Amino acid sequence: MKTEEKKIQIVLIDDHKLFREGVKRILEFEPTFEVVAEGDDGTEASRIVKENNPDVVLMDINMPNMNGVQATADLVRYFPKTRVIILSIHDDESYVTHALKTGAQGYLLKEMDSDALIEAIKVVSDGGSYLHPKVTHNLVMEYRRLAKENASSAKDNGMEYRKPLHLLTKRECQVLQLLADGKSNRAVAETLYISEKTVKNHVSNILQKMNVNDRTQAVVSAIRKGWVEVV
């Protein structure tokens with residue numbers, strides 16, 4: 001007898017009911033997801049998580065009484081096994097950095113499409129981190145600047161940066177570059193004319209070979225080492 005796949009249990013915390021209902025409808029189409037509870041205020045988050053023990057919490061960043069970052073700090077402290085994805089309209093680096101330092105494992109802009117939302121939940125529930133491509137771009141801008149400075153210094157000293165072909169295959173190098181460009185798995189698949197499943201396999205191999213936990217760490221590390229082109 002085939003064992004039924006365990007569903008990812010999700011809690012939604014957002015004070016805009018219409019937005020919450022829209023997100024819930026999207027999640028209900030995914031057979032491996034189950035929305036187990038909802039709330040409209042950060043002050044409710046701890047109680048709801050204690051009662052439902054979800055795998056993932058989708059947390060609005062701007063709410064009355066207690067904002068999403070404060071609520072996330074409480075969840076990380078008291079329920080460390082529950083992972084939090086922040087939902088926000090802000091792509092400013094300060095918001096993102098604050099949320100991640102507090103303990104959120106994901107940061108999505110509310111302009112996201114349904115594919116990004118589904119992918120983020122799966123990645124985060126599996127122990128990884130997920131940032132909206134636009135957010136990733138903002139976060140790595142400083143690393144890009146430093147990489148340019150390092151590359152310029154290296155040229156002056158007669159050094160060369162090389163692609164990590166000693167570590168990754170040519171295809172994995174292509175995938176890594178596209179990740180650095182902020183592309184989602186679907187966009188990478190369309191660019192390289194391969195399936196999303198193949199992309200996921202490549203990403204998994206890249207993370208393992210680079211000894212990092214998620215794609216954001218891989219991109220930051222690759223920029224530091226000069227393994228990807230910076231724009």
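Every number in this text was worked out from the coordinates using simple rules, so none of it is lab data. Since the structure is predicted, the reported quantities are computational estimates derived from the model, not experimental observations. When we count neighbours, we look across all protein chains shown, and the Cβ atoms used for this are built from the backbone with ideal geometry, even at glycine.
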Exercise. Of Lys6/Lys209; Lys6/Lys170; Lys101/Lys122; Lys81/Lys122; Lys6/Lys101; Lys81/Lys134, which sit over 24 Å apart, Cα to Cα?
Worked result: Lys6/Lys209; Lys6/Lys170; Lys6/Lys101; Lys81/Lys134
Exercise. Want the number for Ser204 to Asp115: 0.36 nm per residue separation, take away the alpha-carbon distance, what's left?
Worked result: 30.2 nm
Exercise. Which values of log₁₀ I(q)/I(0), to two decimal places, follow from the Debye formula for the chain at q = 0.12, 0.14, 0.16, 0.18 Å⁻¹ with a uniform point scatterer at every Cα?
Worked result: -0.70, -0.90, -1.11, -1.31
Problem set entry | Candidate aspartates and glutamates for bridging to Lys197, where Cα separation is under 18 Å - those fewer than 8 sequence places away on the same chain excluded | Glu30, Asp115, Glu119, Asp126, Glu172, Asp214
Exercise. So which aspartates and glutamates can Lys17 reach, going by Cα to Cα under 12 Å and dropping same-chain residues fewer than 8 places off?
Worked result: Glu38, Asp40, Asp41, Asp60
For this session: Starting from the Cα of Asp92, step 7 Å along the direction of its Cβ; do the same at Lys225; then give the gap between the two resulting points in nm.
Result: 3.5 nm
Problem set entry | Backbone N under 19 Å from the Arg77 label point (7 Å along Cα→Cβ), restricted to region 33-51 | 41-51
Exercise. In a solvent-free Debye calculation with one equal scatterer on each Cα, what is log10 I(q)/I(0) for region 1-132 at q = 0.09, 0.20, 0.21 Å⁻¹, listed in the order of the q values?
Worked result: -0.22, -1.15, -1.29
